[in-house]
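What follows is a single structure, written as structure tokens, with notes after it.
None of the figures in this text is laboratory data; all of them are computed from the coordinates on show. Only a predicted model underlies this, so the values are computations on that prediction, with no experimental measurement involved. Using ideal geometry, Cβ is built from the backbone for each residue, glycine included, and neighbour counts are taken over all protein chains shown.
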Amino acid sequence: MWIEKQGNIIDFTLSSLLRRKRKNLALISVYMLVIFFFASVMFFTHAIKKEASIILKEAPEMVVQKMAGGRHELIPLGYIEQIKEIRGAHSVKGRLWGYYYDPVAGANFTLMVPGEGEVEQGGIAVGKGVSRVRFLDEEDEMEFMASDGEVFGLKVKQIFSPESELVSSDLILISEEDFRKLFGMVKGVATDIVLSVRNPKELSTIALKIAERLPDTRIILREEMLRTYEMVFNWRGGMMLVVLSGTLLAFIIFSWDRASGLSAEERREIGILKAIGWETSDVILMKFWEGTVISVSSFFVGVFLAYLHVFFLSSPLFEPALKGWAILYPKFKLIPFIDFYQIATLFFFTVVPYTGATIIPSWRAATIDPDSVMRT
Amino acid sequence: MNMIQLLNIRKVFNMGRPNEFTAIHGVSLSIHPHQVTALKGPSGSGKTTLLSILGCMARPTSGRIMLFDREITSLPERFLTEIRRKTFGFVFQQFHLIKGITVLENVMLPAYPGGEGYGALRKRAMEILDLLSLSKKASSRVEWLSGGEAQRTAIARALINRPSVMIADEPTGHLDSRLSQEFMQIMGRLKQDRKTILIASHDPIVHESETVDRVIEMRDGRII
Amino acid sequence: MLFHPAVLSLYLFSILISLMVLYAAFYGVQILMRWNLQSGSELQLSLEKKTYLISTLLTYLFSFQLISLFSFTHTVEHLHPLFVGAMCAAGTLYVNAYGYPALLLKLFNFLLAGLWLILNYTDNRGYDYPLIKKKYLLLLLLAPFLWIETILQMSFFLDLKPDVITSCCGTLFSTDPSSVASEIASLPSLPMKWIFYLVLFSTVGLGLFFYRREKGGYLFAVMSGLSLLVSMASLISFISLYFYELPTHHCPFCLLKKEYGYAGYPLYIALLGGAITGMGVGVLMPFRKIVSLKEILPSIQKRAALISAILYLIFLIVATYPVLFSTFRLEGY
């Protein structure tokens, strides 16, 4: 009984929608576009957040930096021994990394010394982004200007393209000797010191001990970084949504207007339905199904297009707004990542307001008097 | 037993406003079953309003309505609609078919909210179309029908819920004499099937038809 | 201030719900003051049309409220990495004083809206709007609660300070009694189990009894309400432990996580549905003598009682499954 009634009414709703193809297509395209924008922003921020967390997963649990005058300074390698004495701290290592401004590309590259023996002296390994902007192939030579003005070339041994491009794109791996030469860095110092901790519960105790022993250092925990990232990305994504809420508002007004501005033909039809035995709640039901069909179809198409836009076309539409490193990431590709929660949030942002905006107009349409057909 | 009984019905539009006007002034009336009753009168005489009250489409401002001796005056709309759907079939002045869908769909439309299975419903609709020799047109769109076919489609639609009362508002208003005669013939057939029929019309073809058992004349919202 | 997309969507929800209820209440007042079924005046006709609008609004509101309830817990859960010490929703809610009141009020409003819909359903089946005044009085009661909820929820999110060190389910629901939550958690598990099964089985039994005999409606309604409370306490006290297979993890929120197979969703939906329909039977009890409801009310109540009994049974089965089949044994801890 109940199910047949729904079936019959859905049947009629679909045929009504098809009869007014042009009007409904216009509505669906606008609706779809709104969903497309929202979905793109969401997919983009989530995917970036995800990438960041992939990177951070590999990041050291604790980083120790030397501070001088409130600024980050090179840290003496002698500190490593002192930290090693603390119980629970292990694999304590110095790291060498820095930024190099390349005048040819007009961009900053990240230079890093990997573990011993990974890059031999005179050679480098570069990320995809670097190879792209400098048109480098393997065995090509890349020129660097050292801090004393001397220009020297290093041979590209490898171009790497690992899982996530976000970090590796601008990365150049370099040998320790070349690194020290390039930046004029003396032996016995490192950029910072990293370590891991056997028992995560002891993290803060160990951090405290290091701070006591080496009062001129700053200690950064991975957990803190994660939190900061989370905040930054949420904030950015949220800001984008707030900006987009103008669009949403416009769309809500548009759909309200659409739903209340019934054409004479539609009024006549609803009047006929009422006159031949449809009840107000039957018409409301019909309007509900109409809204559902429109919402669901717009939603799926919009989400699908946004997925293509973000993960296959690298979000050409608002990359500059969200990312901020315009030069180095022209072909930045994100790992496809979406989850149910995102889709649900998206749904709440678009379909719920649409539904809310059409309740009252639907009711108005449904309460057309049945005898109106006899009075005209 | 009376089919429908009206007691002192008044219908006022735009009450309390400057353009207030009274369409029906205290009408009392009984409709007898299995008869054809015609409401006669010039336009603006309140025929259509009275017809909509008789057919449970509109509620009177005051007065009482009894259907099969049951008071239905202030029933909520959802009850009234159900009674209307089951008891009355309507044919309107311009037929008011829904464009863009087929004859068959138009005929089935009044039964959709009843929650009947699609198959059974379709079968019944086809039988009715057959009876009115429209089965060949079942899948054509209503825009392509001739005047006579559109009229019979409207009658078929009115019959789909097996009503005991047929209500027609100026059914011959847009028809030529031949089709008007044909309409009255169909009404005659329905009368033989023991349907009660109510027609509002100012067309002499209707009033003078031998099918009609009773003519009620109206003027200025009163029965004369 | 948090700009998380999900938080924004929750604002949107609560604002929408508040506006809807305000609009509905506005016409509710008109109906309460000017309703006159005997009249066929245009005012009365337009008020009757308004009842359709209010029914539709409240139906949407109810479903929005359900979505917002789960979305709220999920979002709160999602935000926990921002707060030192928070390991799940329980911790985030504890960051400021608005969290738990907002959640509880959300739950309460959901139940109230559900009861309203039951009243409305019944009223629509009587031929003379028998419950119209009661229904709209209840609506007027619901409106301010929904507004308070909106305000509480907004205060909660606006007052979330990421540097606050909070405590989480570990301490909040610990067995060391210092708060209501931990007092529930520290309820001895064996007697709690007895109470739980006793109350739930008698509720199911009473529901089926009412379905068969139409007797004991009030008792059944009271028991369904009690079942809701006892079930909540039991979830914290022992049921969750079996899902987590940890003797100290008393959290009622982690059940909604993927790690535990989203078991919380069927549990909570069955529980809330059972409570609404069960209490609905009691709400309808006083109206059994109304002429226009005499014939239909028993069947509505019976159906509600049956649905309630079935939902509570589902809840019992889902909750008992790990107690019986997990290798974890609680007793002895």
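The table for this structure:
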item: Sequence ranges C:291-298, A:64-71, ranked by mean other-Cβ count within 10 angstrom, highest first; result: C:291-298, A:64-71
item: Gyration tensor (alpha-carbon) shape descriptor, chain C, a/c threshold 1.5; result: oblate
item: 10 Å Cβ neighbours from other chains, averaged over peptide B:67-74; result: 2
item: Sites A:GLU177 and A:ASP339 - FRET efficiency at Förster radius 51 Å, r taken between beta-carbons, to 0.05; result: 0.65
item: A:ALA190 long-range amide H proximity, modeled H, under 5 Å; result: A:ILE75, A:LEU77
item: Across B:LYS123/C:LYS50; A:LYS187/A:LYS209; B:LYS191/C:LYS49, pairs whose alpha-carbon gap is larger than 30 Å; result: B:LYS123/C:LYS50; B:LYS191/C:LYS49
item: Karplus (6.51, -1.76, 1.60) ³J(HN,Hα), θ = phi - 60°, over the stretch B:80-97, in Hz, Gly and Pro reported as x; result: 4, 5, 5, 4, 4, 4, 7, 9, 10, x, 10, 10, 9, 3, 9, 6, 6, 7
item: Amide H contacts of A:ALA107 (H built 1.01 Å from N, under 5 Å, at least 5 apart or other chain); result: A:ASP102
item: Kyte-Doolittle mean at least 1.0 and Cα axial length at least 20 Å: DSSP H helices in chain C; result: C:5-34, C:132-158, C:217-234, C:264-284, C:297-325
item: Sorted peptide list for B:90-103, B:172-185, A:94-107, criterion being average Cβ within 10 angstrom, highest first; result: B:90-103, B:172-185, A:94-107
item: Under the Karplus curve 6.51 cos²θ - 1.76 cosθ + 1.60, θ = phi - 60°, whole-Hz ³J(HN,Hα) for the stretch A:80-97, x wherever Gly or Pro sits; result: 4, 4, 5, 6, 4, 5, 6, 5, x, 7, 9, 5, 7, 9, x, 10, 10, 7
item: In degrees, nearest ten, helix A:21-58 long axis to first principal axis of chain A (Cα); result: 20 degrees
item: Relative contact order [Cα under 8 Å, 6+ residues apart], the stretch C:184-268, whole percent; result: 27 percent
item: Gaussian network model of chain B, springs between alpha carbon atoms under 10 Å - residue of B:PRO33, B:PRO113, B:PRO60 with greatest fluctuation; result: B:PRO113
item: The stretch B:92-137 versus the stretch A:194-231: alpha-carbon centroid distance in Å; result: 77 Å
item: Choice from C:LEU53, C:LEU103, C:LEU271 with maximal GNM fluctuation in chain C (Cα, 10 Å cutoff); result: C:LEU53
item: Distance from the stretch C:1-70 to the stretch C:263-333 (C-alpha centre basis), Å; result: 27 Å
item: Long-range HN-HN contacts of A:SER175 with modeled amide H, under 5 Å; result: A:GLY122, A:GLY123
item: Cα gyration tensor, chain B - rounded (a/c under 1.5), prolate or oblate; result: prolate
item: The protein assembly as shown, helix-only ellipticity at 222 nm - DSSP H runs n ≥ 4, -39,500 (n - 2.57), divided by all residues, nearest 500; result: -18500 deg cm²/dmol
item: Candidates C:LEU82, C:LEU152, C:LEU58, ranked by Gaussian network fluctuation over chain C, Cα under 10 Å, top entry; result: C:LEU82
item: Cα→Cβ-extended label distance, 7 Å offset, between C:TYR321 and C:ILE151, nm; result: 4.2 nm
item: Rounded tilt (10° steps) of B:177-192 against the dominant C-alpha axis of chain B; result: 80 degrees
item: Contour minus Cα-Cα distance for A:SER53 and A:MET225 (0.36 nm per residue); result: 61.0 nm
item: Fewest-first ranking of C:SER71, A:SER196, using other Cβ atoms within 10 Å as the exposure measure; result: A:SER196, C:SER71
item: Ranked by how many other beta carbons lie within 10 Å on average, peptides C:305-313, A:19-27 from highest; result: C:305-313, A:19-27
item: Proximal lysine pairs, the stretch C:168-333, alpha carbons under 19 Å, eight or more residues apart or interchain; result: 5
item: Relative contact order (%) - criterion: Cα under 8 Å, at least six apart; region: the stretch C:168-333; result: 27 percent
item: Exercise: per-residue mean of other protein chain Cβ atoms within 10 Å, B:80-89; result: 3
item: Sequence-separation-based contact order of the stretch B:120-224, relative, with Cα cut under 8 Å and 6+ spacing, percent; result: 23 percent
item: Student exercise, chain C dipole from Lys, Arg, Asp, Glu Cβ charges, in Debye to nearest 20; result: 1180 debye
item: Spatial separation of Cα centroids for the stretch A:237-281 and the stretch A:1-52, in angstrom; result: 14 Å
item: Shielding by partners - mean other protein chain Cβ count within 10 Å, residues of B:193-202; result: 0
item: Förster radius 35 Å - calculated FRET efficiency between C:ILE67 and A:GLU138, Cβ distance, rounded to 0.05; result: 0.05
item: Tilt relative to chain A, helix A:340-366 - C-alpha long axis, 0 to 90 degrees, to 10; result: 20 degrees
item: Cα-based shape type of the stretch A:62-221, given that a ≥ b ≥ c are square roots of the gyration tensor eigenvalues and the cut on a/c is 1.5; result: prolate
item: Taking C:CYS88, C:CYS251 and counting other C-beta atoms within 10 Å, the order from fewest to most; result: C:CYS88, C:CYS251
